[in-house]
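Structure first, then comments.
The values are calculated or read from the model by the stated rules, or taken from the named source; none is laboratory data. Please read these numbers as outputs of a predicted model, since none were measured by experiment. Cβ placement follows ideal geometry from the backbone for every residue including glycine, while neighbour counts extend to all protein chains displayed. The protein model used for the area step is the full one, side chains on, heavy atoms only, and it has no ligands, DNA or RNA in it. Shrake-Rupley method; radii C 1.70, N 1.55, O 1.52, S 1.80 Å.
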Amino acid sequence: MTSLPPAWRRHAKAAVVAAAMAVSALLVAAPAHADRPALPALPAVPAVPAVPAVPAFTDGFGLTLVGAPEVHSDTDFTLTVTTAQLSGTHKIRIFLPRGYDADPGRRWPVTYFLHGGAGTVDDAAAAPALRSDAMITVVPDGGLKGWYADWVMQNTVLGKANWQTFHTGQVVPFIDANLRTLTDRSHRAVVGLSMGGYGALRYAEYRPDLFGHVASLSGGIDLGMTEIRATVLATELNLPGAWCAASTSGTGQCVGYGPYVDSDAIFGSPYPIFNADHVWNEVNPAAGANLAKLAGTDITLYTGDQGPIDHFTSIATSTVRTRLNQLGIANRHVDYGDGSTLSPTCNGGHNYGCWAPALADYVPRLEAAFAAAG
């Protein structure tokens, strides 16, 4: 068979393509017949889920918002802020009661939850009781080893470190300005565990005008104890050990306390020679002069007594309780020992298996106290 000249081949190919396009157009446009069903419709493109709406926040009180909130749900979101009081960016996680949007005329009590060493704002997710429908819960970043203090040294590798000022002087009024809160001390609590247990008691003593309720869980609340001073030093020197591993949110894993800093960085010299440790003594929550500032404050202390950590937090907590009693200041002390009286998940140690049920015991009592305050 004689082949077609090239020009003919090109014309033939073009004709075939044109015919195929015409048939395709007819198949799409032609109505359906009984012997030829209609072509199936293209699948619908799934809609992109809308990001839940959360309250709008405005910069203020030295805090500048960075980027959009990290939204977990319409009642659970995380802000990122900068402040001249701290180097870098820092997160604030917020749990709103589910009725917050539905009742725009209502104002709410607020609880500030302070996480432990080597922890983050996301540790709060390990304690479901903090998601209360009777209050707002605010979880500010406390740093891997911030110790809720304005550091003596501001020139370490971590830079500016004024955690106490950040929390009490900036975060609290920032929250009050942006959310519908009840701003009197009777409707504001500070609660913390481990390093945050120290921070909670310290803040309640430092600003009794702000906090009418305080709870410390397994807190390092007696800086007069050599063992607790050694713990602070271990965080400064980034020596992760049992304290660090047990303090992380349910994982038992710890990446450490961040870069090494000088052992005098947070509270100055820890050695009781010629009053060199005067800062430690001044900010010690167990000091009688500081405990006296808690008169009229609702105080709760929780601890177990098992393991290398809560063995010492139990001693510290007992000391604080004894001194409060000597001062005639009412308090509630729960030493749950090996944990058997608290929860099947609790072994009396330094972990969320004990802290979560302790908070489940505490939060309803706090809600009732808020309600009684009117």
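For a Förster distance of 30 Å, can you work out the FRET efficiency between the beta-carbons of Ser269 and Asp209, rounded to the nearest 0.05?
Details: r = 31 Å, r/R0 = 1.03.
E between Ser269 and Asp209, to the nearest 0.05, is 0.45.
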FRET efficiency for Thr82 and Ala276, Cβ-Cβ distance as r, R0 = 41 Å, nearest 0.05? 0.75
What spacing in nm lies between the two simple spin-label points modelled at Met153 and Ala177, each 7 Å away from Cα in the Cβ direction? 3.3
Need one number: nm distance between label points at Asp338 and Asp361, each 7 Å from Cα along Cα→Cβ, rounded to one decimal. 1.6
Which aspartates and glutamates, on any chain, are close to Lys145 with Cα under 18 Å apart, when same-chain ones fewer than 8 places away are left out? Asp122, Asp123, Asp222, Glu227, Glu236, Asp262, Asp264
Non-local residues with an amide H under 5 Å from the amide H of Asp76, with H modelled 1.01 Å from N and Pro and chain starts lacking one, are Leu96
Subtract the Cα-Cα distance of Asp74 and Ala134 from 0.36 nm times their separation in residues, and report this length gain in nm to one decimal. 20.0 nm
For the stretch 110-202, accessible area per residue (1.4 Å probe, heavy atoms of protein chains only), Å²: 24
With DNA, RNA and ligands ignored, accessible area of Ser340 (1.4 Å probe; Å², nearest 10): 90
Where a Cα-Cα gap under 14 Å defines reach, which aspartates and glutamates qualify for Lys293, not counting those fewer than 8 residues away within the same chain? Glu205, Asp209, Glu282
What are the ³J(HN,Hα) couplings of the stretch 328-345, residue after residue, when phi is run through the Karplus curve with 6.51, -1.76, 1.60 and θ = phi - 60°? Round to Hz, x for glycine and proline. x, 9, 5, 7, 10, 10, 10, 9, 8, x, 7, x, 5, 8, 9, 6, x, 7
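Could you give the length gained by full extension between Tyr260 and Ala53, i.e. 0.36 nm per residue of separation minus their alpha carbon distance, to one decimal place?
Additional length available on full extension: 70.5 nm.
Once the piece of chain linking Phe61 and Ala292 is laid out straight, how much longer is it, given 0.36 nm per residue of separation minus the C-alpha distance between them?
Full extension from Phe61 to Ala292 adds 80.2 nm.
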Can you compute the charge dipole magnitude of the stretch 71-141 about its Cα centre, using +1 on each Lys and Arg Cβ and -1 on each Asp and Glu Cβ, nothing else charged? Give it in debye, rounded to the nearest 20. 140
